[in-house]
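Here, each number is a calculation from the coordinates, and none is a lab measurement. Given the structure is predicted, the values throughout are model-derived calculations rather than measurements. Here the Cβ positions follow ideal geometry from the backbone for every residue, glycine too, while neighbour counts run over all protein chains shown.
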Amino acid sequence: MSRYSAAEIEPKWQKAWDDSGVFKAIRDESRRKYYVLEMFPYPSGKLHIGHVRNYTMGDVIARYKMSTGYNVLHPMGWDAFGMPAENAAMASGGHPKDWTYKNIDQMRGQMKPLGLSIDWSREFATCDPEYYGQQQALFLDFLEEGLVYRKNAIVNWDPVDMTVLANEQVENGRGWRSGALVERRELAQWFFKISDFSEDLLSAIDKLDNWPAKVKLMQANWIGKSRGLQFSFETIDAPDEFKEIDVYTTRPDTLLGASFIGISADHPLARSLEVNSPEITAFNQGCRQMSTSEADMEKAEKNGIDTGIRVRHPLNPEWELPVWIANFILMDYGTGAIFACPAHDQRDLDFANKYELPVIDAFFSIDNEAPVSTKAFIPQKSEKVKWVNHFTGLDVATGQEAIYATIAHAEAHEWGKGVTNFRLRDWGLSRQRYWGCPIPVMHCPICGIVPEKKKNLPVKLPNDVSFDLPGNPLDRHPNWRNCTCALCGGAALRETDTMDTFVDSSWYFARFTAPRAETPTEQKDINYWMNVDQYIGGVEHAILHLLYSRFFCRGMQKTGHATEKNISEPFNALFTQGMVTHAIYKTTSEEDGRALYHYPEDVKLKDGKAFLKNSGNEVNIEPSAKMSKSKNNVVDPEMIIAQYGADTARWFVLSDSPPERDVEWTASGAEAAHKHIARVWSICCKIKELPENTGSENDLELMQEMHRTIRDVTLGIESFGFNAAIARLYAFTNKLSKSKASKLSQRNAVMTLAQLMSPMTPHLAEEIWSHQGGQGLIINAPWPVEDESMLVQTSIILPIQVNGKRRSEINVPKDLPNIDIERLALSQEAVRRSLDGNKPKKVIVVPGRIVNVVI
RNA sequence: GCCCAAGUGGCGGAAUGGUAGACGCAGGGGAUUCAAAAUCCCCCGAUGGUAACAUCGUGAGAGUUCGAAUCUCUCCUUGGGCACCA
C-alpha cells in the first residue's frame, strides 16, 4: 500500500484536466447550460482561506453539474480597480497598475493549485482597457438613454490632502492621513438614475425565488417604499422667499402631536438664515463637519438651534410651532424638513426633552392612558390605539387606518396630498480618483458636456502619473486632460472623475459570456449563457452590489445590450456564504503604543494563552473576526496546500460549518480533514488487495447504505448542505471500512464514494477512480443515481413519549395500522408504569414518526 | 440609532414542530509495538445512582401546542449592512 502523496497526485490530475480541456466552456445550443459564478475577488495581494471557501463552494456546484450532464460555464476574473492600489502607491511608491497586475499574477498562481474547474481562457481584470473601454461604451449608451445625469452632491472633503475621502477614511470626523477636520463639500457629480426603477426593483424581488429571504428583505427595506403625506406649513417672520415650508411625513396621523418643525442644515431656509446670524452659521458649519455617513449622523449627539421662525399648524392657524435646525435631518430624503412628534418618536422625544419643547400625546394605548415622558409610545402600525380628538373623527383605530384617513382628509380639504416615496437614492458614480474607469465625456467651453465618440474608446488612463502630491493625478496631468471636442473640434477638457468600482462589478457576469467581444456583449453568447444560474458570495454584498447589478441589467435591456432574452434579473439563485474567521493576536508597540497584530503562524498556543514563537512574549487573544489584512489574522492557503494538499483545504472549508455561516479556521480541523483523505485512500488500497470471491451475506447491507448515501449526498450538494453531505460521507466511510462484504461490492462502494467525494476532493477522487480501473476521468463519469428498491425499509423504530417525554421505543413493521401501534405502545413497561393503572387521556400516533401518550 | 441575521456539550456543529447532541475535533481508557509514531476498538452534556434509571438542559424571560432548539412576543450578546472599503 502506497502512502497518499497530494504533492505528486494533485499536479498530475490538474494537468490531465488541462490536457483534456474539460473546463473550457463552449456554447452549444443543443446542450443544457449551467452558469455558476462566485463573486470575483479584489486582487489585494494574497489569496486567503476565505477565498478558498468561496471558490470551493462554486467548484462543488460546477463539478456536480458537469457530472449530471450540464454544459457548465465557470469563469474567473478580477475586480481590479479601487483605492488600495492608490494607497499602496502613496505609501510605498510604484504604480497602481503594476501593483494590481503583480497581485493578480500572485493570486492566480495561488488559485491554480486548488484544482478549480475554471475556464481560465475567459479571465479578465476590470482594469484591462479592453474591459473598461466596453464599460465606457455602456456608459455612453446609458447617457443617451437618459439613465445618467449630473447634479451637485455632498462629499467628505479633506482640506489638507485636497481630496475627497471615502467614509472609511474618515475617523472621528478627521481625515485618516492628514488628521484634518473633514468638511462637507458640494461637488458636481455624475449619477445613475436607479430611482427610475425603484418600483420595478422592489416588485421584482418577489420573483427571486432562489434568493435568501433575508437578502430580499434587506433589499426591500433599502428601497423603502412608503406612502406618506406632503403638505406645507405657512411661516411667520421668515424671509420673503420662504412663505411656506414643505414637509413629507409617513406618520401624518400624528399631526396633532406636533411639537416643532425640524429642517436640515442644508435646507435652503437654513442656508439663507446664515447671512444675518453668526450663531446659525456656526451651527450649520458644525453640522457640515460631520462625515456624510448615515451611521455617523445617527450615532452623533442630537443637536439643534432655534431659528426664531414659527409656522402655523395647518389644522389650527392659532397654533404656532417653532422651527429648529437639527443635525439629524437629511436633505436627501423627502423635503429636508419634518414635523416632529416627540410622543411617538424616540429621537424627537430626546430632542424635545433636551430643548424643553412640548410633548403632546396623539394617541394612547387602549388600556393605559399615561402620558409619554422619557420613553416614546411606538406601537405596531397594526395595533389599535385610542386617539385624542382626532380631526378625522377616529376614536379607536390602528395607526395604519389613521394614516389612510389622514391622507384622505388632507386631500379632501386640500391641505396636503398623498405621496409615494422611496428611500432609494440615485447612485452617485463619480470618484475623484485615478485608479478607476475614466468617465468618457469632455467639457467644451462652447458645447458644454460632450460624450466621447465610441470609435475613440477606450479613453485610457495615462500611465505617467505620480502620487506624491495631494489631489487627483488626473487633475494635474499636463496634457491628458486636453482633448478635442467631439462636436465642434475646438479645445476641450476631459472629465477627470472616474467611475465607482461598483460599476465594474455590475456587469462583469455578462461580459464573461463573451469576454473578447468588440461590443460590451455578444447577443448569441449572452442569450445562451445568461442568467447566472448560481451566484455565490458574501452577505456583505446583499444590498449595494446586488442591487446595482439588478439595475445595470435593466439599463442594458433598455440600451439593447441584452435584447433577445430578458436578463433584467441577472442571478437566478443566490447563495450568501459565511466568512472564515480567526482569532486576532495583538500586542502593543513599546515605542509608540500602537497596536501590533501577529500572524497565526507566528503564534504558539498553550493552555488557552498565546505566545510569540520567536520571543516567547504573551500576546492578547481577541475574539475571532473576519480574516483581514489589517488585523493579520489570516491563514495562508499556500502553506496549507504545501503541508496537506488542496483536497485537504477544500474538504476542511466545507466540512465544519454550514456554508452560510462563518467558519472558524482551526489547525486541528485541517489535520482531521487530512487524516480522512489518507484514510479513504488506504481503504481504497486495501480493497484492491482483497481476494476475489463471489458475494457475501453482507453485500446487501453495504449496498443499501451506499444508495442511502447517494441520496443524502446528492440532496446535500443540491441544497448547499455541504457540511451535512460530508458528515454523511464520513458515516459511509466508517461503514465501508468495517464492511465484510465481497470485493465486488466493496469496489463498487469505494468507486461510488470517490464519485460522491469528487466535487469536494477531485484529485483524490480521480486517483481512486484510476486505481480501481474506472473508465476515463471521473469528472466525465455520470453522477451516481440511487436505486429506489435499495432504499425500502421494512421496519421502523418508533419512539414512545408520555406527555412529550421519551420513555421507550418500539420496533414495528413499516405499515402497521395505527390501532396496533397504539396497543403496542400502551403495553410498554415504561408506559404502564407512568399510567399506573389509569386510562390515557389521548394517544397521538404520528405515522412513521412518533407516538405520544397523554395522561 | 436604523435594517438583516445568528446564539445548542470543552470546541465546530446535527436535528426546521416529533428520540436534542448525528458527524468531526479535543479529552479519557484499551489493543498493537522493545518503545514511539501511525493505525484500530471502546467511552465521552450536567447532576444523582454500582446499575437500571431519574432530574435538569438548546443566550434570558413569557406564550402557543399532545409535543418547541424549531413558531410568537420582549430582552441580552455577537456578526453583516447603512449609499465613497470591496
| request: Rank A:536, A:364, A:779 by how far each Cα sits towards the positive end of the charge dipole of chain A (+1 on Lys, Arg Cβ; -1 on Asp, Glu Cβ) and give me just the farthest. | output: A:779
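Can you pull out the trypsin sites (Lys or Arg not before Pro) in the range A:10-52 whose DSSP state is coil and whose Cβ has at most 15 other Cβ atoms within 10 Å?
Numbers: sites: A:12, A:15, A:24, A:27, A:31, A:32, A:33, A:46; in loops: A:24, A:27, A:31, A:32, A:46.
Here the sparse-neighbourhood loop sites are A:24, A:31, A:32, A:46.
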| note | If every Lys and Arg gets +1 and every Asp and Glu gets -1 at its Cβ, then about the Cα centre the range A:361-487 yields a dipole, in debye to the nearest 20, of 980
| query | What full-extension length gain, to one decimal in nm, is calculated for residue A:354 and residue A:16 as 0.36 nm per residue of separation minus the Cα-Cα distance? | reply | 114.3 nm
| task | Obtain the nm distance between the two label points defined at residue A:83 and residue A:661 by a simple spin-label model: each point lies 7 Å from its Cα along the Cα-to-C-beta direction. | result | 3.3
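Dividing the convex hull volume of the Cα atoms of the range A:1-75 by its residue count, what figure in Å³ per residue is obtained? Mind showing how you got there, number by number?
Numbers: hull volume 10.9 nm³, N = 75.
Cα convex hull per residue, to the nearest whole number: 146 Å³.
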| query | Counting other Cβ atoms within 10 Å of each Cβ, which GluC sites (Glu not before Pro) in the range A:461-563 have at most 13 and sit in a DSSP loop? | reply | A:518
| query | To the nearest 500 deg cm²/dmol, what mean residue ellipticity at 222 nm is calculated for chain A from DSSP H runs of n ≥ 4 alone, each contributing -39,500 (n - 2.57), summed and divided by the residues? | reply | -10500 deg cm²/dmol
| query | Using the alpha-carbon centroid of each, what span in Å lies between the range A:306-363 and the range A:461-477? | reply | 48
| note | Between the residues A:222, A:235, A:273, the Cα farthest towards the positive end of the dipole of the range A:214-308, that dipole coming from +1 and -1 charges on the beta-carbon of Lys, Arg, Asp and Glu, is from A:222
| query | Quick one: what do you get for chain A if you divide its Cα Rg by 2.2 N^0.38 Å? | reply | 1.16
| Label point distance in nm, residue A:849-residue A:203, each placed 7 Å from Cα along Cα→Cβ | 3.9
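How would you rank A:404, A:4, going from fewest to most other Cβ atoms within 10 Å of each one's own Cβ?
On the way: A:404 17, A:4 22.
Result, fewest neighbours first: A:404, A:4.
For a 21 Å ceiling on Cα separation, which of these pairs sit above it: A:225/A:417; A:102/A:454; A:24/A:524; A:46/A:102? Could the numbers behind the result be given before it?
On the way: A:225/A:417 17 Å; A:102/A:454 30 Å; A:24/A:524 18 Å; A:46/A:102 11 Å.
Checking Cα-Cα distances, A:102/A:454 exceed 21 Å.
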| Between the DSSP loop rule and a limit of at most 16 other Cβ atoms within 10 Å, which trypsin sites (Lys or Arg not before Pro) in the range A:809-839 are left? | A:814
| field | Whole-Å distance, taken between Cα centres, linking the range A:404-421 and the range A:374-399 | value | 18
| Among the lysines, which have Cα under 21 Å from the Cα of residue A:384 when same-chain residues fewer than 8 positions away are ignored? | A:375
| Reach of residue A:613 by Cα under 20 Å, taken over aspartates and glutamates that are not fewer than 8 positions away in the same chain | A:590, A:601, A:602, A:622, A:636
| note | The lysines whose Cα lies under 21 Å from the Cα of residue A:686, excluding any fewer than 8 residues away in the same chain, are A:675, A:735, A:738, A:740, A:743
| task | Starting with the highest mean, order A:134-142, A:356-364, A:419-427 by the number of other Cβ atoms within 10 Å, averaged over the residues of each peptide. | result | A:134-142, A:356-364, A:419-427
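If you place +1 on the Cβ of every Lys and Arg and -1 on the Cβ of every Asp and Glu, how big does the dipole about the Cα centre of the range A:177-308 come out, in debye to the nearest 20?
Numbers: 15 positive and 22 negative charges, 138 e Å.
Once rounded to the nearest 20, the dipole reads 660 debye.
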